[in-house]
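Undergrad: Once you've had a glance at the structure underneath, I'll fire off some questions.
The values are calculated or read from the model by the stated rules, or taken from the named source; none is laboratory data. This is a predicted model, so every value here is computed, not measured. Using ideal geometry, Cβ is built from the backbone for each residue, glycine included, and neighbour counts are taken over all protein chains shown.
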Amino acid sequence: MRVEAWLLYSLMAILLWGTWGFVSKIVLERASWASIIIYNMLGTFIIFTTYMYSQGFPKPAVGTTALIALLSGILGAAGTVCFMLSLSIGRPSITVPLTALYPVVTAVLSVIFLGDQLSPRHVAGISFAVMAIFLLSYE
């Protein structure tokens, strides 16, 4: 059986982000969320710079595309701050899976604004994810 590249990258992202959430909780017991963000940015810079260097200089975004890219960065950073605050006071076994449901928002926005089509199976999967939000939110 041949594994598609997109699936392999997705599985790697799950493993890496899952480990990131676990390690972040350990660090949050010893340092503030703000100091962790600084080290996260340093780590991000190292990985992104190394990857971009290996791929060649990226085509720069200009005009509206640059503004949308900036908005993407602002939203991602604000989400990271909220994640760190949640993780600093919550249980990682609950907060990490709960915040990992953010792709539901992406799916809904993509259907509404980009015209993405979802099969009944995809709708069922997203519905189960929404149910997970309620199951994880209450003790």
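Undergrad: Run down I14, I26 and say which single residue is modelled with pLDDT under 90 and of a type outside the set (G, A, S).
TA: Numbers: I26 fails: modelled with pLDDT under 90.
Checking each option against the conditions leaves just I14.
Undergrad: From A66, A61, which residue is small (G, A, S), at pLDDT below 90 and surrounded by 11 or more Cβ atoms within 10 Å (Cβ to Cβ)?
TA: The match here is A61.
Undergrad: Here is a follow-up. Scan (1) surrounded by 12 or more Cβ atoms within 10 Å (Cβ to Cβ); (2) free of Cβ contacts under 8 Å to residues at least 24 places away in the same chain for the single condition A100 breaks and write down its number.
TA: (2)
Undergrad: Now for a different question. Return yes or no: is W17 assigned to a helix (DSSP H, G or I), without any contact (Cβ under 8 Å) to a residue 60 or more places away in the chain and within 19 Å of the chain's Cα centre (by Cα)?
TA: Judged against the criteria, W17 is not a match.
Undergrad: For segment 103-135, which positions are over 21 Å from G76 (Cα atoms), assigned to a helix (DSSP H, G or I) and without any contact (Cβ under 8 Å) to a residue 24 or more places away in the chain?
TA: Within segment 103-135, P120, R121, H122, V123, A124, G125, I126, S127, F128, M131, F134, L135 meet the criteria.
Undergrad: Which residues, taken from segment 83-102, are β-branched (V, I, T) and either touching a Gly at 6+ places or on another chain (Cβ under 7 Å) or not in a helix (DSSP H, G or I) (or both)?
TA: Within segment 83-102, just V96 meets the criteria.
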